[in-house]
Amino acid sequence: MKKIIFTLLSVGVASLMAESINFSDSIPVIKSEPVYKTVTKRTPYQECWDEQVPVSSGASGDGTVGALIGGVAGGILGHQVGGGSGKTAATVGGAIIGTLVGKNLASRENSGPTTTYQTQRKCVTKYNETEEEKFIGYKNIGNYKGKTIIKYSNHPLRRIRLYVSVSY
């Protein structure tokens, strides 16, 4: 325990007695070289074409609508014809006959949908990609006491400024 306390005190006293010097210096630049970065540039463009698209016309159905319309029309006509208790029979009979006739006519007209074609303009966006070299700046290289120093800048430098700290 005494050794640990003595070591801590020794380090603390030594650090209080340590001095340091800070100064600036500069070194000549041996070489300045431009630095470029490869950048991919994407330019959009549209590619369009005309296309024939099928369009259905006419209703394809089973004749239900025609049967309903025929039944109502037949019922109204049958109601006009009869009299007394025969009036009810004529209305029902007219409705039945009208339903059959309406369904038959509707299914003849809707023998199938007719398909026509319409021209539609369709477009898709594509991209042209080009690579280009973009200038980033300059890499300035110098030597200080056997160490290679590199400093980047927007223009070539003649000297690199250093900030040196010496502790003893």
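The values are calculated or read from the model by the stated rules, or taken from the named source; none is laboratory data. Since we're looking at a predicted model, the values are computed, not measured. Positions of Cβ are generated from backbone atoms using ideal geometry, with glycine treated the same way; all protein chains shown enter the neighbour counts.
Here are the numbers for the structure shown:
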quantity	calculated
When residues of segment 118-133 are limited to those that are of a type in the set (D, E, K, R) and closer than 30 Å to S56 by Cβ, the one surrounded by the most Cβ atoms within 10 Å (Cβ to Cβ)	K122
Which numbered condition G86 fails, given (1) surrounded by 11 or more Cβ atoms within 10 Å (Cβ to Cβ); (2) touching a residue at least 40 places away in the same chain (Cβ under 8 Å)	(2)
Inter-residue pairs, beta-carbon under 9 Å, first part of a loop (DSSP other than H, G, I, E, B) and in segment 59-77, second among the hydroxyl-bearing types (S, T, Y) and modelled with pLDDT under 75, 6+ apart	S60/S111; G61/S107; D62/S107; G63/S107
Selection within segment 135-161 - in a strand (DSSP E or B), surrounded by fewer than 10 Cβ atoms within 10 Å (Cβ to Cβ) and not β-branched (V, I, T)	K147
Qualifying position, being in contact with a Phe, Trp or Tyr (Cβ under 8 Å, 6 or more places away or on another chain), among the hydroxyl-bearing types (S, T, Y) and modelled with pLDDT under 95, among S10, S20, S32, S57	S20
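Each row is one residue, and each column tells you yes or no for (1) among the aliphatic types (A, V, I, L, M); (2) at pLDDT below 95; (3) farther than 30 Å from I27 by Cβ.
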{"site": "G71", "(1), (2), (3)": "no, yes, yes"}
{"site": "G75", "(1), (2), (3)": "no, yes, yes"}
{"site": "N140", "(1), (2), (3)": "no, no, no"}
{"site": "K145", "(1), (2), (3)": "no, yes, no"}
